[in-house]
Amino acid sequence: MTEAAILSARGLTKEFKGFVAVNNVDLDVRRGSIHALIGPNGAGKTTCFNLLTKFLQPTSGAITYNGRDITGLSSADIARLGLVRSFQISAVFPNLTVLENVRIALQRRRGDSYDFWRSETVLREYDDEARSHIADVGLTAFTDERAGELSYGRKRALEIATTLALNPEMLLLDEPMAGMTQEDVERISALIRRIATNRTILMVEHNLSVVANLSDHITVLARGEVLAQGDYATVSKDPKVIDAYIGA
Ligand code: ADP
């Protein structure tokens, strides 16, 4: 682990029945940075995400968060430490309103459903906090709209609001721009930048102009291995990266 790293992996490896999807990956995510994980399809990006948040168990290697070895912890324990992976849209309840969706995420953080629904005061506090997360992602005008009625881009914004409700210190965003219109891309880019003012972000993203605009640091994976690391100007000029990804 380097001094400034909030999340580090050393020798991270995942084999699926003899196929090595992630091979001996070293990664340092600097505190307060926006770090992108890029690479061609099948490079091992999603597997890496799943390993870092323990949705998958590594075959070997170690993961450190805030100087603590988290390799043996569960996803729930890791989330409690502040390292939270964004929920996918499938985790947004379409028949509930935007407000209700964020309230449920707050309830999950609190982990006490009885207390949550019992007291008017608690309910009001949660409403206030939920509304502030909704405002953060620019969905105030849609607070009482059913999540299922939102545009795709706004569903992704809601997904980020439910993640913020868990009060993460570090967020892992899996392709935040996938399927977005240009207008959505601009809105979510501004949101990610705002979130990153006091948090760390690691994202998998295919949209290279977004990666160029947002990321402080980039790790390029190919065939499960780290091909290059550095800022966009550096990695985008790397012949190995052009060959394996950008020029492909
Ligand atoms: P990326 O996210 O970069 O597209 P993935 O991490 O999804 O790549 O996949 C990396 C490689 O691991 C791919 O070849 C994929 O087919 C393989 N893989 C991923 N998950 C599994 C699994 N559960 N079982 C077997 N192979 C898998």
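Can you tell me the length gained on complete extension of the stretch A233 to I246, counting 0.36 nm per residue apart and subtracting the Cα distance?
That pair, A233 and I246, stretches by 3.4 nm at full extension.
Please turn the phi angles of region 228-234 into ³J(HN,Hα) values with the Karplus equation 6.51 cos²θ - 1.76 cosθ + 1.60 (θ = phi - 60°), one per residue in order, whole Hz, x for glycine and proline.
7, 9, x, 7, 4, 4, 6
Using 7 Å Cα-to-Cβ label points, what is the L96/D77 separation (nm, one decimal)?
Roughly 2.7 nm, to one decimal.
Compute a Gaussian network model of the chain, connecting alpha carbons closer than 10 Å, and tell me which residue from L56, L37, L173 fluctuates the most.
Of L56, L37, L173, the most mobile in the Gaussian network model is L56.
With the chain treated as a Gaussian network of Cα nodes joined by springs under 10 Å, which of Q107, Q182, Q57 yields the largest mean-square fluctuation?
Fluctuation is largest for Q182.
Using amide H atoms built 1.01 Å from N in the peptide plane, name the residues 5+ places from T97, or on other chains, whose amide H lies under 5 Å from its own.
A147
Counting each DSSP H run of 4 or more residues in the chain as -39500 (n - 2.57), what helix-only mean residue ellipticity at 222 nm follows after dividing by all residues, to the nearest 500 deg cm²/dmol?
Numbers: 9 runs with 90 residues, N = 248.
When only DSSP H runs of four or more count, the value is -10500 deg cm²/dmol.
Work out the length of the dipole vector of region 88-165 about its Cα centre, built from +1 on the beta-carbon of each Lys and Arg and -1 on the beta-carbon of each Asp and Glu, and round it to the nearest 20 debye.
260 debye
Rounded to whole Hz and in sequence order, give me ³J(HN,Hα) for region 57-72 from the Karplus expression 6.51 cos²θ - 1.76 cosθ + 1.60, θ = phi - 60°, writing x for Gly and Pro.
8, x, 5, 7, x, 9, 10, 10, 10, 6, x, 10, 6, 10, 4, x
Ratio of region 88-165's C-alpha Rg to 2.2 N^0.38 Å, to two decimals?
Rg over 2.2 N^0.38 Å, computed on Cα atoms: 1.01.
Any chance you could check the Cα centroid distance between region 124-185 and region 47-78 for me, in angstrom?
Using only Cα atoms, the two centres lie 26 Å from each other.
In degrees, nearest 10, range 0 to 90: what is the angle between the Cα axis of helix 182-195 and the longest Cα principal axis of the chain?
Tilt relative to the chain: about 90 degrees.
Have a look at the DSSP beta bridges in the chain and tell me what percent are antiparallel, nearest 5.
55 percent
Among R193, R108, R31, which one shows the highest mean-square fluctuation when the chain is modelled as a Gaussian network with alpha-carbon springs under 10 Å?
Highest fluctuation among the options: R108.
Quick one: what are the phi-derived ³J(HN,Hα) couplings along region 11-23, Karplus 6.51/-1.76/1.60 with θ = phi - 60°, whole Hz, x for glycine and proline?
Going residue by residue, I get x, 5, 9, 9, 10, 10, 6, x, 8, 8, 7, 9, 10 Hz, with x marking Gly and Pro.
Values quoted throughout were computed directly from the atomic coordinates according to the rules given, and no laboratory measurement underlies them. Everything numeric here is computed off the predicted structure, so don't read it as measured data. Because the Cβ atoms are built from the backbone with ideal geometry, glycine has one as well, and the counts that use them run over all protein chains shown.
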